[in-house]
Structures are given as structure tokens and as C-alpha cells.
Amino acid sequence: MSKYLMLLAALLGFVNVHAAEVEVLHWWTAKGEAEAQGILEDALLEQNIKWNNFAIVGAGGESAVRVLQMRALSGNPPDVAHIKGPDIGEWAKIGMLENIGKIADTSTWPDFLPKIVRETVTFDGQYMAVPVNIHRVNWLWLNKAIFDELDLPLPTTWQGFFATANKIQAAGYIAIAHGGTAWQDALLFESMALSLLGPEKYKQAFVEYNEALLTSAEMIHVFEQFKRLYQYTDSSMRGKDWYQASQLISNNQAGMQFMGDWAMGMWNTQGKKAMVDYICIDVPESKGLFSYNIDSFVFFEKNGRKNSREIQRSFIDILLSEKFQAEFNLAKGSIPVRQGINMDQLNQCAHKSFTDFNNGQLVPSFTQNLASTSHLQNIISKIISNYFNNPSADAATTVNSLSLAIRAIKN
């Protein structure tokens, strides 16, 4: 090696050793999620910023939120955290978040960020978080090999869905791949509730918390129909996480799964192909409806210690850059939050998600903390899950309990 190359290598080594660190709390730990997180980590390292990984596994982010609260209360929050929806406002209210507009120039954001995205990361007219991507939650995924083997039509109605589930089960397969945790039970419910109630009544119930609708005969019917799904799940999956349920689709053990498109990110890492190995369709009777989940990052105030504006600006610039948006969402299974990104590399399911987002009726996913705070979401999810897993639970009693719990927290 020449003296020049040795000197260059030494200098590069010196730069890496002294790279600035940024501690990031998140819950992207499953395959697909971890690969997407690695893309962000690499992009930061190119700017000589080292990702200090603070990953919390499990509970769909609930565990991460608890850990974050403990860190914040002790006066030692991470530099950056994965927070979304109304939780952004809760942290902003107590003065713990940095105003993004004081870190970076946000004047051009309306030029390339959709209105619903900007509203999601705004509190009191100020940007308090940086959006990363858009997930669609109300997907129904189908195992193509099983559907081909049994010559099954795509279920577009609930009547057709139950008939299909019966045939899959009769053939010896698991009809619904489902991990038995509270947030997954609630996601299953949310998918059916949006379909049966429609977007306006869904928002009245789970965004506005209209008591009359929450306790109505129509809501009781939704819960009763939701309970019918239980018989098609596998009891051995109780307590398992979503990616373990998604693996049943990969292994040709299960025919269908209700899950957000982060599942697609996992399948893609396994070499599975959209419309070849798995099929994406609307949840039955929900064509034109889009339940969205928008991931975002916040920056924490650090008890008088001044954060590096240069590092923060680099982080923001990377998140919203065209290159990162294209690469990250390809791995994550989501669609870019930034408009104008070349979609050629994204598969048919991502293209459908993009089209439906831009043309469909958008509703915030309450199971993904886009309609409520994580605290309220956890209470709602537990009530729904307890009903789903209790054979003797009564729908009318459950809707009353749900309404009372929401009223107690909101008031």
C-alpha cells in the first residue's frame, strides 16, 4: 500500500472513531423493519453520524413508549425517538420536544408533503416531528399457493370471506394467520369496523368518540361479527408477534392475514414476490378506504444541554431526501411520504397503496396511534382483546365498557 493510501486509510479511521453519535429509540426490530433501519443507519454514517441503537422489542411499540417515558422522567431522554400521531402533541405540550422549524427550513414542506402528513406532525401550528413513510393498515394478505391449490376466489365480501375461511380450514390449513396480542386483536377489529361502519362512522366512533355510536346496535353488530373471526385463528399463536404470524404465510401454513404492509417488508427480505407468493387485496367491503399509519421521528430537549443543530439538520435532510425515501420504503413495505419519488422499483402492492392513498378516503388507524394517544389506544385494545379471547364475553356489555373507559380517560 502506498504512503498516500495508508494516510488516507488512517484519516478515514480517525473520522469513524470520532463520528458524532445520535441515540435513537425505535421498535423496528423485525425483518424488513431492521433492514429499513439499517438503510437509515448507513445514510447517517455517510454523514459521519453514528447511529446509537436503542431498539425496544415487542408489543407493537407499547414497550418502547413505556421505556421512553421512564427515560424522560429521569431527565435522560434519547436524542431522537420514533413517536407518531397524537403522542407528538402530548410530548410537545410538556415542552420536551424541539421545534423542527427552529432546526431546519420547513418552508418548502408543503411543496412535497401531502396535507394529511403535515397535519399529523404538527402541533399548535408548528412542525414537531419529521415524517418518514406512509403505511396502509387495512390490508388482507393471501397465500397464493393455497388459493391456487384450493381454486379459491379472492374474498371481496364478508360472506365470501367466511366461505373461503371455511374451505381453507377444511383443507387442513390455518385460515387466518394471527398473533394473539392485544394490539393485533385490535387491528383485526379495526379492519372489520372500518369496513362495516364506513369511514364517517368509523371516525365518529374511534376519532371523535361519539358515545351514541359507540354504544349503538350497529357497534354491537360489529363486535359480534368480529368475534366470528376467532374460530379461524390458531390457538398456538397466542402471545406471538405479528412477524411470527406472517411467517405462517411464508411457510404456506396459513391462507390469509390481516396486517399492515410492514408485513410485506418482511416477506420481501425472504425473497417472496408480490402477486407471485402473496396477494394483497382490500379488506372485504372496504374498497376505496385507506387506514393510514405515518411513522415519524421527534427530537428531544436535553435539559439545557444544547443539541448539535448540524447533526439534527443532517438527520432531517436524510429522512426527507429522495434517495433515502426510495430505498427506505422499498425495504419497509411502505410508500414514500415525499411526493414525486420514482415508484418504478416498488411492487404492485406498493403501487396499489400509493394509488389508494391519493384517491381513496383516508382515516387514521387508531391501533397505530394515529387517532389517539398510545395510552388511550392501549386501553381500547385491551378491552377489544379481552372480548375476542373470552368465549362468554357479551358484545353489548363490551361496547358499554369501551364507552365508559374512553369517557373516563377523555374527561
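Summary table below
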item: Convex hull volume per residue for region 282-380, taking Cα atoms only, in Å³; result: 132 Å³
item: Alpha-carbon spread of the chain, three principal axes, descending order, Å; result: 72, 53, 39
item: Residue range of the chain that is longest and free of trypsin sites (Lys or Arg not before Pro) which are both DSSP loop and sparsely packed (at most 13 other C-beta within 10 Å); result: 1-272
item: For region 226-286, diffusion coefficient by Stokes-Einstein and Kirkwood Rh (Cα), 37 °C, 0.692 mPa s, µm²/s; result: 260 µm²/s
item: Percent antiparallel among DSSP beta bridges (both partners in the chain, rounded to 5); result: 55 percent
item: Mean separation of Cα contacts under 8 Å (6+ apart) over length of region 247-344, as relative contact order %; result: 34 percent
item: The chain, relative contact order in percent, only Cα pairs under 8 angstrom and at least six apart counted; result: 27 percent
item: Dimensionless Rg over Rh [region 81-175; C-alpha; Kirkwood]; result: 1.29
item: Compactness relative to 2.2 N^0.38 Å, alpha carbon Rg of region 55-114; result: 1.32
item: Percent accessible area from carbon and sulfur atoms, the chain, protein chains only, probe 1.4 Å; result: 50 percent
item: TRP139 long-range amide H proximity, modeled H, under 5 Å; result: MET259
item: Placed amide H near ILE134: partners under 5 Å, 5+ positions off or other chain; result: ILE335, VAL337
item: Over 28 Å between alpha carbons, listed pairs LYS115/LYS287; LYS84/LYS332; LYS203/LYS287; LYS302/LYS332; result: LYS302/LYS332
item: 1.4 Å probe accessible area per residue over the chain, in Å²; result: 42 Å²
item: Relative contact order %, region 167-291, counting alpha carbon pairs below 8 Å whose residues are six or more apart; result: 40 percent
item: Residue-averaged 222 nm ellipticity for the chain, from DSSP H runs of 4+ at -39500 (n - 2.57), nearest 500; result: -14500 deg cm²/dmol
item: Karplus (6.51, -1.76, 1.60) ³J(HN,Hα), θ = phi - 60°, over region 363-374, in Hz, Gly and Pro reported as x; result: 9, x, 6, 6, 6, 10, 6, 8, 10, 8, 5, 4
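The values are calculated or read from the model by the stated rules, or taken from the named source; none is laboratory data. Nothing here was measured: the structure is a model prediction, and the numbers come from that model. All Cβ positions, even for glycine, are placed from backbone atoms using ideal geometry, and neighbour counts span all protein chains on display. The accessibility values were calculated without ligands, DNA or RNA, using every heavy atom of the protein model including side chains. Shrake-Rupley method; radii C 1.70, N 1.55, O 1.52, S 1.80 Å.
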